[in-house]
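Undergrad: What follows is a single structure, and I will ask about it in a moment.
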Amino acid sequence: MAAAVGLAERGYLELGGAERSGRHGLRELVFSLPGGGNPPAGPRGCGSAGGFWYQENAQLGSVTRNRFIHWATSGATLELVEESLDINLLNNAVQLRFQNCNLLPQGVHIFETQNHVVILVSTNQTVHRLMLPHPARMYRSELITESQMQSVFTDIGKLHFRDPLNYCVIPTVPGLSPFSTASAAWLTGDGGSLFALPSASGGIFVLNLPPYDMPSTSFVELKQSSVMQRLLTGWMPTAIRGDQNPSDLPVSLSVHCREHDALLFALYQDHKLRMWSYKNQMCLMVADMLEFVPVNKDLRLIGGSGHRLQLAYSESLGLYIGVYLHAPRQGQFCVFQLVSTESHRYSLDHISSLFTSQETLIDFALTTSEIWALWHDDENQTTVKYINFEHNVAGQWNQVSVQPLPAEEVNIRDDQDPRETFTEAIFLPGQFTNAALLKALQIFSQEAERYKDLSWDELKKEITIALEDEFQGNVTEYEFSHEEFRQLQIEFWSKFYAYCLQYQEELSRPLALLLNHYTNMVCLLKKGYFSFLVPCSLMDHLYLLPDEQLINEVESAGLDESDFSHDLLSLLQCLRLIGESVSVEMALTMEMACFRLQSPERAAEQILKDLIANDTENMMEDIHSKLQEIKNPVNAIGMLIREMDYETDVEMDRGFIQPINVRMHLSQLYGSSTTVNMVCRCVYKMSMTRLLICRDLLILQQLLLRLGDAILLGGDQLFHTQQNLLHRTSILLLSYYVIRWASQRLASDVPVDELESNLQHLSVLKLTDSTTITPLKLVSCPQTIVELFFQEGARKHIISQLFQSNAALDETCLSWPQMFSAISSYLLQFLWPSNPNFLFPECLMGACQYAQLQEYIRLLEPWCHVNVGSCRFMMGHCYLVTGEHHKVNLCLKMFFFF
């Protein structure tokens, strides 16, 4: 297994996740006010998002384990989706449209009680309460063994949205403030629902939807003079209360519920933070945030419309308050701890101030030790950073490697067919979402109504037909030369590819961060889908970072100041310099060498010659200068190789045997399509990154051999490099090439009867003990053979490795960063070609993936000397199934000879 002593897992990268509605079977419901209501006033909101985690989602034995709800708004539309990392949920998406209303930004709040999931919604004219059955009440047994189950949204269509007990029209007096869109909501102990909204008079009014056994709605207004005016039957004229300046209005609201009270925190445009007690109906604390800003003279003249507020609570540490203060050129985070005395006086204990130069903050999340922040700039670049404010004295933020958009252009070689090349680029797994492709098809064909709710296969077919029809309509009038025909193909496909890019970029616009305080999972919610931020090794993290962030990241890398650590970081910087200089044509040299089973070492030598011949920017001098900083390059290279090597003898299913009820609970753990997709995309991302690292490392070693003793400090090290490190790096490169290939190679659809017949034949030959392989499940995107392997075989073995203790179910809490890192690492071990386990090829043969299995064995044959006999036998079996009987005898002879 990869070594852990050198570069610890401390970086994060973004993995694209599920689409918001494409595969969920979205249902649409409409709420309309009696009489139609009034058209919404003011500009349409740009959209917001958020989410909710069940309280017991981290407990291994809970029915709500690994389940959460995320939502997104756009104007009058609210989309709600329930996700599970364990089980595929049915009827798990719904779209609610509020006619003649606009949803308030962050106006959706989700809670759970013993019997219900409660969704509170605020619009500019109404407030709503949706009561759904709790998952724990939907199933007869807490032990869930099915691969799919009903979502909490299954029966949402049966709710009476216009029941007066579940919604209320906001009165025109005091009414909502036109200058603020902040809101908050919470549940009372007796089953009531409270909504806090900025009033037009400058205060905050709280609207109470009572429990079902109480008849009337009540209203309370909080004034900045600490006077509470309770309005039960009517509304006091605005003139009596007195209008206030818009700068005194709250821009961000948040609530902390205690046993018998609710503390309402309001951050105002006048830069003051106020805390109200709903029970005592008074303001308990006022704090001027500008007192914590070093230079605040100019800020006092500017309204704080960009300020943000978040809360985090821990039973052991108490309540933490995070405030983001927006300034034109520099933002500032302030973290406080709420302190109370025996006389119920409150104050703020200033914990930390953190500065950032980003302009537009989209969202941030707070824990009792960390801040995660999301920015989006004018160039459509998304930035995610996090920082531990307790231990980071220098104030250095850690950068997340976000998922880039697809390449702006598709490079087509002279020997490639444009149609095939564009088709491969567009339909590459994880490249474009279904929604982006569908929108591009609608615009390209100008038939929006014709194409709706298409599956992935249908979408691919319709896109191909639409482009071919459009193309043929432009080439029938006169004859073209071959080159003109080719250029016209490129023109049409490039036009469609540009549409795909346009809508993929639009759907990728970030809306919010979603942080799970129970398992430490972090999600990035976007307009069209959501993604996961998962841990990665520092090696991968530093290699992927843009240049401008690398220096800061190296300073905060968390390594010691030893010569060895310095050598590792300098080595990675050398590899980055090489990687940035390798052109598309040079990269293709290595790709073709791997595909054609040629020597990677010779390909690296050729690339180095091309780099030297085309070095117009003195790149070689920069690399040579950086190499001079490495005191022992051989040791550093050896450490990097050990870090990337997953060769091991995996011992499966040995040790403690769990009780039957624990095994049943574990049978579905991390088995949903969402998790399968995410884990396998992580393996693809790791294999892609490390393939590049190995390529650049091979080139660097060829350079070291050229430089000789001047760098390597002795003939022994030169010989060691040539005979040992080069060969080991080549094997690593080829291993990651095969894993990357498998992560992109699609699995074939196989009829059920063919699968069953194949399993019967294998069982007669005693070649498999598996009877669980099933037809490929209905998913929005095609399934790769790595996803098939993880779903049908590897996951069961991995989970058995992770849970070998006798801990009780209710005592076992899931930590997502640890679990995800372990699962990804084990999956890489199972896929590693030189490991003795043979599960991956066995799975391919059992699932009738004969073409894929033949290509897999072909890629291994020249260099992998493990399981050679098994590979030859399987190749013979593939020939037998595909009717190439003349090749079977040769394979069997080689098998018996082996």
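The values are calculated or read from the model by the stated rules, or taken from the named source; none is laboratory data. Everything numeric here is computed off the predicted structure, so don't read it as measured data. Methodologically, a virtual Cβ is constructed for each residue, glycine included, from the backbone with ideal geometry; neighbour enumeration extends over all protein chains shown. Just so you know, the surface numbers come from the protein's heavy atoms only, side chains and all, with ligands and any DNA or RNA stripped out. Shrake-Rupley method; radii C 1.70, N 1.55, O 1.52, S 1.80 Å.
Undergrad: Compute the normalised compactness of region 418-508: alpha-carbon radius of gyration over 2.2 N^0.38 Å, N being the residue count.
TA: Normalised Rg, Cα atoms only: 1.10.
Undergrad: What distance in nm lies between label points placed 7 Å from Cα along the C-beta direction at GLU390 and THR648?
TA: 2.9
Undergrad: With each label point set 7 Å from Cα along the Cα-Cβ vector, what nm distance links GLU315 and GLN804?
TA: According to this spin-label approximation, the distance is 3.2 nm.
Undergrad: Another question, then. Using the beta-carbon distance between VAL866 and PHE485 and R0 = 51 Å, what value does 1/(1 + (r/R0)^6) give for FRET efficiency, to the nearest 0.05?
TA: With R0 = 51 Å, the Cβ-Cβ based efficiency is 0.60.
Undergrad: Using Cα positions and a limit of under 20 Å, work out the lysines in reach of LYS609, with same-chain residues fewer than 8 apart set aside.
TA: LYS609 reaches LYS626.
Undergrad: With r defined as the distance between the Cβ atoms of GLU505 and GLN818 and R0 fixed at 41 Å, what FRET efficiency is calculated, to the nearest 0.05?
TA: Step by step, r from the Cβ atoms, then E = 0.75.
Undergrad: Taking the Cα centre of region 413-466 as origin, work out the dipole magnitude from +1 charges on Lys and Arg Cβ and -1 charges on Asp and Glu Cβ, in debye rounded to 20.
TA: 200
Undergrad: Using a simple spin-label model with points 7 Å from Cα along the Cα→Cβ vector, what separation in nm is obtained for GLU617 and SER599?
TA: So the two model labels end up 3.1 nm from each other.
Undergrad: Here's a follow-up. Say a paramagnetic label sat at a point 7 Å from the Cα of ARG137, along Cα to Cβ; which residues of region 68-104 have their backbone N under 11 Å from it?
TA: Inside the label zone: nothing.
Undergrad: What does a probe at ASP163 reach in region 71-88, counting residues whose amide N is under 15 Å from the point 7 Å along Cα→Cβ?
TA: Answer for region 71-88: none.
Undergrad: May I ask which of LYS460/LYS526; LYS460/LYS495; LYS385/LYS796; LYS461/LYS887 have a Cα-Cα span longer than 27 Å here?
TA: Check vs 27 Å cut-off fails for LYS385/LYS796; LYS461/LYS887.
Undergrad: With contacts defined as alpha carbon pairs under 8 Å and 6 or more residues apart, what's the relative contact order of region 418-508 in percent?
TA: This gives 49 percent for region 418-508.
Undergrad: Next up: How much accessible area per residue does region 418-508 have, in Å², with a 1.4 Å probe?
TA: Here the residues of region 418-508 average 55 Å² of exposed surface.
Undergrad: Still on this structure, please answer the following. In terms of modelled amide H atoms, which long-range or inter-chain residues lie less than 5 Å from the amide H of ARG27?
TA: ALA93, VAL94, GLN95
Undergrad: Can I ask one more? Using heavy-atom solvent-accessible surface (probe 1.4 Å) with all chains present, what is the largest-first order of ASP190, ASP363, ASP248?
TA: I get ASP190, ASP248, ASP363, largest accessible area first.
Undergrad: Carbon and sulfur: what percent of region 418-508's accessible surface (1.4 Å probe)?
TA: It is 45 percent, rounded to a whole number.
Undergrad: Quote the FRET efficiency, to the nearest 0.05, computed for GLU28 versus ASP469 with a Förster distance R0 of 30 Å and r equal to the Cβ-Cβ distance.
TA: Computed FRET efficiency for GLU28 and ASP469 comes out at 0.45.
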